[in-house]
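Just below is one structure, and these are the notes that go with it.
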Amino acid sequence: MSESSPAIPNRPACGPRIAQFLRTYYIYFVLLLVVAVLSMANLDRFDLFERGNFLNPNNIINILRVSAPLLTLAGAFTLLMVSGYIDLSVGSAMGLSAVVYALLAINGVPFLPAFAMTIMVGAMLGAINALLVVRLRITPVIATLITLSLFKGLALLLVEDGVSAIKSGGGRSMPAWFNDYGREGVLLGLPMAFWVAVLVTIALIVAQSRTLLGKYAAATGGNPTAAKLSGINTGGIVALLYVIVGITAALAGIARSSFMSLGDPLSGDGMELTAILVVLLGGTAFSGGEGKVLRSFVGALIIMALTVGMLTLVPAYYQTLVLGTALLAAAASNHLVSRKETAS
């Protein structure tokens, strides 16, 4: 009489688990890879770097100063795209906010009132987008293309004829505090604008994971019809997200204006494409419903490190091509992953 073989327990295949691990943490490996490559590159030709060492503390601080506007904007832009909507006017809103902030400062308004009024301007710009998209039901791409031109035109009108930006000159000068937020001021060795970007990102991470805003944004982007039938005020959620994006665009404009010591109406040009690239790189689904604020923050660090590194590693006329290619690759991979998950 033969003995029966002992039952072999079913073991979960490690392949899917590895794939899930890579999908979850790939963005951090990409950041480490970028830092490693730039650390081995010769960066002596660019004044931002000291002795060609990418990991020099002073160089890291300078990169964080330059990165503050994008880091500030990334989280809010992520939540908006998670909800299935987009804002192509963030660059123009950023430029207009930079002009407003510089104009207030150069005319004697103290820091806190100038800061607060610029934030209010950003909220109003976001509310205009919300009005067009939610109330008038204009397609988000069309609506925000309209406001892209509107905000940029208004910023250009605020600058006096014959000059390109609001800056010191003609008997007027920026106050001594103007550069503190984006360039001179530091806390624990890091720029003030960077700390604000971190605080904004933490607040949005908490909002996404612990509040109804994040839950409802994902529901709106994943299945708007089901979200409405569930009693979710999808229009209110989208409107609030547009306002939040406007506020972060204003913070980004303040950081850029303070760093450059002027209010340039074109200082946010191209920011909308960079923000899209960052969000897609972080794994946010272009169609909505899926995305993480923290991953977009890390994606912003990657893009800024690459951008600064390309200033010396890649000729100037190739840089836009490289970023465009990266955007195409991110969009294509995002689409393939979304299609695979839908099929499964």
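Laboratory data are not the source of any read-out in this text; all were calculated from the coordinates shown. Since the model is a prediction, treat every value here as computed from it, not as a measurement. So basically every Cβ, Gly included, is an ideal-geometry build from the backbone, and we count neighbours across all protein chains shown.
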- Taking Cα centroids, how far is the range 137-159 from the range 172-192 in Å? 30 Å
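Convex hull over the alpha-carbon atoms of the range 59-332: what's its volume per residue in Å³?
On the way: hull volume 35.2 nm³, N = 274.
In the range 59-332, the Cα convex hull volume per residue is 128 Å³.
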- Message: Using only the Cα atoms of the range 107-227, what semi-axes does the equivalent ellipsoid have when each is the square root of 5 times a gyration tensor eigenvalue? Give whole Å, largest first.
- Response: 34, 24, 10
- In whole Hz, with x marking every Gly and Pro, tabulate ³J(HN,Hα) for the range 24-36 from phi via Karplus 6.51 cos²θ - 1.76 cosθ + 1.60, θ = phi - 60°. 7, 10, 4, 4, 6, 5, 5, 4, 4, 5, 4, 4, 5
- Mind listing P(r) for the range 246-293? All alpha-carbon pairs, 5 Å bins, whole percents. 5, 18, 22, 20, 16, 10, 7, 2
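Sorted by mean Cβ packing within 10 Å, highest first, what order do the peptides 294-302, 220-228, 206-214 take? Could the numbers behind the result be given before it?
Numbers: 294-302: 24.2, 220-228: 17.1, 206-214: 15.1.
Going by the mean number of other Cβ atoms within 10 Å, highest first, we get 294-302, 220-228, 206-214.
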